[in-house]
Amino acid sequence: MARKSEPVNLLDLTPVRIFEHRIEDDKVIVLIPKYRSRWMGWLQRRLKRPFYLLHLDEIGSAFWLACDGQSNISAIGARLKERFGDDIEPVWDRLALFVRHMRKGKLIDLL
């Protein structure tokens, strides 16, 4: 019989960006390829607009830029709370929801 693994604390995980981004007007635009499969790469390179553009708000942009593979979510949340103050409250609920959406969309990976 397989043993159940310990539950993982989200705050201890380290987010890593999967896709490239660009910055316009101090906000991040994530470049999501239209075709993610390897065998469609030839078509991806020939498209006039090969990417979907995901425009992030100020808080989302700050989180995206902090996903450097070095800081865990707890440290990122503390920095966001320090930077945005009461505008980001409740910080941990918002951060957990945002990470869940980014992970579901396969935009970040959690280590």
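The values are calculated or read from the model by the stated rules, or taken from the named source; none is laboratory data. In this text the structure is predicted, and so the values were computed from the model without any measurement. Neighbour counts are summed over all protein chains in view; Cβ atoms, including those assigned to glycine, are modelled from backbone coordinates with ideal geometry.
Numbers at a glance
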item: Evaluation of G77 against (1) surrounded by 14 or more Cβ atoms within 10 Å (Cβ to Cβ); (2) of a type in the set (G, A, S); (3) touching a strand residue (DSSP E or B) at 6+ places or on another chain (Cβ under 9 Å) (one fails), failing number; result: (3)
item: Selection within the range 74-88 - in contact with a helix residue (DSSP H, G or I) (Cβ under 8 Å, 6 or more places away or on another chain) and among the aliphatic types (A, V, I, L, M); result: I76, L80, I88
item: Some residue of the range 4-15 being at pLDDT 95 or above, in a strand (DSSP E or B) and not hydroxyl-bearing (S, T, Y); result: yes
item: Only listed residue being more than 17 Å from L11 (Cβ to Cβ) and surrounded by 12 or more Cβ atoms within 10 Å (Cβ to Cβ), chosen from W64, W92; result: W64
item: Among residues of the range 95-104, those that are of a type outside the set (F, W, Y) and either in contact (Cβ under 8 Å) with a residue 12 or more places away in the chain or more than 19 Å from L13 (Cβ to Cβ) (or both), counted; result: 4
item: Residue within the range 44-51 that is in contact (Cβ under 8 Å) with a residue 12 or more places away in the chain, polar (S, T, N, Q), on the phi < 0 side of the Ramachandran plot and assigned to a helix (DSSP H, G or I) present; result: no
item: Residues that are over 13 Å from R17 (Cα atoms) and in contact with a Phe, Trp or Tyr (Cβ under 7 Å, 6 or more places away or on another chain), drawn from the range 61-111; result: I76, G77, L80, F98
item: Hits in the range 52-84 (condition: of a type in the set (A, V, I, L, M) and not in a helix (DSSP H, G or I)); result: L53, L54, L56
item: Close pairs from the range 52-75: first farther than 17 Å from R94 by Cβ and without any contact (Cβ under 8 Å) to a residue 24 or more places away in the chain, partner among the β-branched types (V, I, T) and surrounded by 14 or more Cβ atoms within 10 Å (Cβ to Cβ), Cβ under 7 Å, at least 6 apart; result: Y52/I32
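A quick yes/no check of all residues on (1) over 14 Å from M102 (Cα atoms); (2) surrounded by fewer than 13 Cβ atoms within 10 Å (Cβ to Cβ); (3) within 13 Å of the chain's Cα centre (by Cα):
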position: V30; (1), (2), (3): no, no, yes
position: R38; (1), (2), (3): yes, yes, no
position: Y52; (1), (2), (3): yes, yes, no
position: G69; (1), (2), (3): yes, yes, yes
